[in-house]
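Below: one structure, written as structure tokens.
The values are calculated or read from the model by the stated rules, or taken from the named source; none is laboratory data. Because the structure is a prediction, the values reported are computed rather than measured. Positions of Cβ are generated from backbone atoms using ideal geometry, with glycine treated the same way; all protein chains shown enter the neighbour counts.
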Amino acid sequence: MKRAVCPGSFDPVTHGHLDVIGRAAALFDEVVVAVGVNPSKSRLFGPEERVDMITRAVADLPSVRVEGFTGLVTDFCREQDAVAIVKGLRSSSDFDYELPMAHMNTALTQVETVFLPTSTGQSFVSSSLVKEVAAFGGDVAAFLPGFVHEALLARLAERR
């Protein structure tokens, strides 16, 4: 079985993330979405909330499961017996950022990194940008599953 890991913070999960996860599911027997838990970073949604949102968002993909993790993604890949890390690329700057990590990950574990370019309509979407636009009252509904959009608006209202 060829298993891949799609790591990220997914704060919140966007249609861009789901596009990459779905395309990875077509390439590998199983995809594990690895939700990073870094206690030193401040997130809008907690680890359990992010795992729950992604689990709900990928429910129609039977070969995809969602797990939280801490530490190095390479250790998580080893625990999962993964052969690849799948990363979405929106731009050349993403590639410049991701390539050194891909080389380090391969050096540490022999796990290959597979880069998937995002679909054209998603190339500008990031969780950070979605949160920023939504915080200023912009309509970001087109970039998120409906239930995630509702959760985002509710969380932003709580923080006001």
Determine, yes or no, whether S127 is in contact (Cβ under 8 Å) with a residue 60 or more places away in the chain and in contact with a strand residue (DSSP E or B) (Cβ under 9 Å, 6 or more places away or on another chain). yes
Only one residue in R56, R65 is surrounded by fewer than 17 Cβ atoms within 10 Å (Cβ to Cβ) and assigned to a strand (DSSP E or B). Which one? R65
Can you confirm whether the range 89-110 contains a residue that is of a type in the set (F, W, Y) and within 17 Å of G16 (Cβ to Cβ)? yes
Residue among A57, A34 that is in contact (Cβ under 8 Å) with a residue 60 or more places away in the chain, closer than 30 Å to A154 by Cβ and touching a Phe, Trp or Tyr at 6+ places or on another chain (Cβ under 9 Å): A57
Test set (1) surrounded by fewer than 20 Cβ atoms within 10 Å (Cβ to Cβ); (2) at pLDDT 95 or above; (3) within 30 Å of R155 (Cα to Cα) - D29 fails condition number: (3)
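Every residue, every condition in (1) touching a Phe, Trp or Tyr at 6+ places or on another chain (Cβ under 7 Å); (2) at pLDDT below 95; (3) loosely packed, with under 12 Cβ neighbours inside 10 Å, yes or no:
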{"position": "M101", "(1), (2), (3)": "no, yes, no"}
{"position": "Q110", "(1), (2), (3)": "no, yes, yes"}
{"position": "V130", "(1), (2), (3)": "yes, no, no"}
{"position": "D139", "(1), (2), (3)": "no, no, yes"}
{"position": "F143", "(1), (2), (3)": "no, no, no"}
